[in-house]
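See structure below.
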Amino acid sequence: MNETDRKFFRPKWRRVATTIFCFCWTLVEWLSEEPFWGIIAAGITFYCLWHFFYKFDENQGA
């Protein structure tokens, strides 16, 4: 993520909302029997989890 992204996602509610949105999108794709798009959406959801909660440094760029 670049510095602009870090500033935008600094509030935790934005990171949580984005991740929940991606998770819901994943569910919609799987429930509508679209496995290709379900895998893509699941990958984006895991990307959000990894970068927004595991790797995210709230003190960086403050």
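Descriptive notes on the structure:
- Restricting TRP30, TRP50 to those that are out of contact with any helix residue (DSSP H, G or I) (no Cβ under 9 Å at 6 or more places or on another chain), open to solvent by 60 Å² or more (accessible area, probe 1.4 Å) and assigned to a helix (DSSP H, G or I) reduces the list to TRP50.
- First in the stretch 36-62 and farther than 18 Å from ALA17 by Cβ and modelled with pLDDT under 95, second anywhere and of a type outside the set (Gly, Ala, Ser) and outside any helix (DSSP H, G or I), Cβ under 9 Å, 6 or more apart: LYS55/MET1; GLY61/ARG10; ALA62/ARG10
- Residues satisfying the stated conditions in the stretch 53-62, i.e. over 10 Å from the mean Cα position of the chain (by Cα) and in a helix (DSSP H, G or I): TYR54
- Only residues that are assigned to a helix (DSSP H, G or I), open to solvent by 80 Å² or more (accessible area, probe 1.4 Å) and more than 16 Å from TYR54 (Cα to Cα) were counted across the stretch 1-26, and they come to 6.
The values are calculated or read from the model by the stated rules, or taken from the named source; none is laboratory data. Small disclaimer: the values here were computed from a predicted structure and weren't measured. No Cβ is skipped: glycine too gets one built from the backbone with ideal geometry, and neighbour counts run over all protein chains shown. The protein model used for the area step is the full one, side chains on, heavy atoms only, and it has no ligands, DNA or RNA in it. Shrake-Rupley method; radii C 1.70, N 1.55, O 1.52, S 1.80 Å.
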